[in-house]
Amino acid sequence: MVKPKVSTQPKICYRPIRPSDLDILEHIHGRLFPIRYESTFFHDVVNGRDIVSWGAVDSSRPDGQSDELIGFVTARIVLAKESEVDPIHIVDMLGYDSAKSDQTLVYVLTLGVVEAYRSLGVASSLIREVIKYASSIPTCRAVYLHVISYNNPAINLYKKMSFKCVRRLQGFYLINGQHYDSFLFLYYVNGGRSPCSPLELLTAIVSYMRCGFKSVAARLCKNGGRKITRRAKCKESHSLVSATPNKRNMAVECSGYECV
């Protein structure tokens, strides 16, 4: 593959990866990633064996290169209960129902763009193809992927696209005899949701209590200018006390709080 020259107005198109892309796909993977993939992986990709994929091409390129890959993304569907996502995250974060054993996730295997076509939105467009695909599967609850800890451009891209970093995996990658950490990112679809963190739960409680205090203050101001009897005052005091949220009511309110 000759290093592609980008035209002043590239016309990027996206299509499924085909068997004819085998050589270029393997070549780009070898140039972009420190991890070497087995030949069977590439054959599975181009033939669609349990792997879905999309390729990016620049149709404005001359000399018969207008259909040559300049970017790609590969992914596969996995059962939520069999995925690498922590079981706690599956239950709490994805709204997983153990009675529905068919709930799935879409796992992004590889994503890459040749250097000459970076910073043109190609990677984000490829990821959007995966999100659109995952959203079309009723049983799917999230798209997830791993990012090596030092890949700051990729980390920033996923954060910008509203992926949530939910976990750091110590020593996940082994490259040239050295271990590297990985970040686990999730993008929720079809009702998948992030759980409330302790801070978010505390914020909800404070917000609820603040509303209660404002309600009491409003009643005090409203009744402050009225001339009422001692009996009415006692009755009013009783009503104000009963209007204050008790612990049971607060617990019910917070249990229904949902963080997005």
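Read-outs throughout are calculated quantities, based only on the coordinates presented, and are distinct from any laboratory measurement. It should be emphasised that the depicted structure is a prediction, and the values quoted were computed from it without experimental measurement. Ideal geometry is used to build each Cβ from the backbone, glycine not excepted, and the neighbour counts take in all protein chains shown.
Give the relative contact order (percent, whole number) for segment 11-87; include only Cα pairs under 8 Å separated by 6+ residues. Mind showing how you got there, number by number?
Numbers: 91 pairs, mean separation 25.3, N = 77.
After rounding, I find 33 percent.
Under a point spin-label approximation (7 Å from Cα along Cα-to-Cβ), what is the His179-Asp23 distance to one decimal in nm?
That separation, rounded to one decimal, is 4.1 nm.
Using packing as a proxy for protection, rank 72-81, 40-49 so that the peptide with the highest average count of other Cβ atoms within 10 Å comes first.
Values: 72-81: 20.5, 40-49: 16.2.
Ranking the peptides 72-81, 40-49 by packing returns 72-81, 40-49.
Counting Lys and Arg as +1 and Asp and Glu as -1, each charge on the Cβ, what is the dipole of segment 12-200 about the Cα centre in debye, to the nearest 20? Each step should come with its number before you reach the end.
On the way: 19 positive and 20 negative charges, 106 e Å.
Once rounded to the nearest 20, the dipole reads 500 debye.
With θ set to phi - 60°, apply the Karplus curve 6.51 cos²θ - 1.76 cosθ + 1.60 along segment 176-187 and write out the HN-Hα couplings as whole Hz, x wherever there is a Gly or Pro.
With coefficients 6.51, -1.76 and 1.60, one gets 6, x, 10, 8, 10, 6, 10, 9, 9, 10, 10, 10 Hz.
Using 7 Å Cα-to-Cβ label points, what is the Ala116/Asp63 separation (nm, one decimal)?
The modelled label-to-label distance comes out at 0.8 nm.
Semi-axes, largest first, in whole Å: what does sqrt of 5 times each Cα gyration tensor eigenvalue give for segment 12-200?
Values: eigenvalues 168, 70, 53 Å².
Ellipsoid semi-axes (Å, largest first): 29, 19, 16.
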